[in-house]
1. It is to be established whether one or more residues within region 130-141 are open to solvent by 10 Å² or more (accessible area, probe 1.4 Å) and without any contact (Cβ under 8 Å) to a residue 60 or more places away in the chain.
2. Just the residues that are within 14 Å of ligand 1 (Cβ to nearest atom) and open to solvent by less than 20 Å² (accessible area, probe 1.4 Å), please, taken from region 90-124.
3. Only one of Leu27, Leu56, Leu35 is in contact (Cβ under 8 Å) with a residue 40 or more places away in the chain, more than 27 Å from Gly156 (Cα to Cα) and open to solvent by less than 40 Å² (accessible area, probe 1.4 Å); which?
4. Does Ala224 satisfy the condition of being surrounded by 12 or more Cβ atoms within 10 Å (Cβ to Cβ) and without any contact (Cβ under 8 Å) to a residue 60 or more places away in the chain?
5. Does Ser161 fit the bill of being small (Gly, Ala, Ser), surrounded by fewer than 16 Cβ atoms within 10 Å (Cβ to Cβ) and not in a strand (DSSP E or B)?
6. Return the residues of region 177-202 that are away from ligand 1 (no atom under 16 Å from the Cβ) and either at positive phi or in a loop (DSSP other than H, G, I, E, B) (or both); say none if nothing qualifies.
7. May I ask you to list the residues in region 78-89 that are open to solvent by 60 Å² or more (accessible area, probe 1.4 Å) and either within 13 Å of ligand 2 (Cβ to nearest atom) or modelled with pLDDT of 95 or more (or both)?
8. Can you tell me which residue in region 27-62 is farthest from the chain's Cα centre (by Cα), limited to those that are within 14 Å of ligand 2 (Cβ to nearest atom) and among the β-branched types (Val, Ile, Thr)?
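The values are calculated or read from the model by the stated rules, or taken from the named source; none is laboratory data. Because the structure is predicted, anything quoted here is derived from the model rather than measured. Neighbour counts run over all protein chains shown; Cβ positions are idealised from the backbone, glycine included. These accessible areas exclude ligands, DNA and RNA; they are computed on the full protein's heavy atoms, side chains included. Shrake-Rupley method; radii C 1.70, N 1.55, O 1.52, S 1.80 Å.
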Amino acid sequence: MTVRTIEVRERVMAKNDEIAAGVRGQLAVAGVPALNFVSSPGSGKTALLERTLDALGGEMRISVVTGDVQTQNDADRLAARTTRLVQAVVTGGACHLDARQVQHAIDALDLDDTDLLFIENVGNLVCPASWDLGENAKVVLFSVTEGEDKPLKYPGMFRNSTYAVLTKMDLLPHVPFDVERALAFARSVNPELRFFFTSALTGEGMESWFDFLRGQVRAGAAAAS
Ligand SMILES: Nc1nc2c(ncn2[C@@H]2O[C@H](COP(=O)(O)OP(=O)(O)OP(=O)(O)O)[C@@H](O)[C@H]2O)c(=O)[nH]1
Ligand SMILES: [Mg+2]
């Protein structure tokens, strides 16, 4: 029985990877970079996206897909910040998005009218790590209120991410959180991680985040042309 369960999971993952490869191909042809935001619940994924849409929404055409176990609260929050379509995926219990859901979402988008795609995954530091959605990169967020040891406790997420955003930096004076220690833990799991340090509340660190996104859009367009 145990062996059968593993086989089923392998088939499901293989199918997911196949669909994800198709998504990645479509996005590459259209020159649309896609970033998959992953974190524990409440680390600030939606808040970072709200601030990003406010600042860059007039400069680039940003599409958003948000996943939640229940409610479309995040999609509603983000839709208030853009005139463009924000797609809500309610997973109905699943603790992660899968590639088929992202495929359906991009089927409803005009990729030629899109410069950048954000995918906000379900808040969970375990499940989304192993699901390829066809994104260019996973961006793992963790906040200064979560404790420095998250990269050690949830290594899969940090290993499979290319970028890490340390969020809620405005709260640093109020919590015992050692940034250097957190970075050392994260680097011990994934030495290649590139870090950003942000506060969606004060705007701290946002300019380098925005510059990074501008670079992603330029690179996506250049690679497609
Ligand atoms: N002080 C402070 N609070 C923040 C910051 N970013 C987010 N928050 C707060 O943290 C809470 C959770 O933020 P969200 O953006 O909803 O977090 P999330 O990761 O999208 O949450 P889920 O989608 O439920 O996983 C909210 O009350 C935010 O106002 C920040 O930079 N500083
Ligand atoms: Mg959210």
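1. No: zero hits.
2. Within region 90-124, Leu97, Phe118, Ile119, Glu120, Asn121, Val122 qualify.
3. Leu56
4. no
5. Numbers: small (Gly, Ala, Ser): yes; surrounded by fewer than 16 Cβ atoms within 10 Å (Cβ to Cβ): no; not in a strand (DSSP E or B): yes.
Considered against the rule, which asks whether it is small (Gly, Ala, Ser), surrounded by fewer than 16 Cβ atoms within 10 Å (Cβ to Cβ) and not in a strand (DSSP E or B), Ser161 comes out as no.
6. Scanning region 177-202 gives Asp178, Asn190, Pro191, Glu192, Leu193.
7. Ala80, Arg81
8. Only one residue fits best here, namely Thr52.
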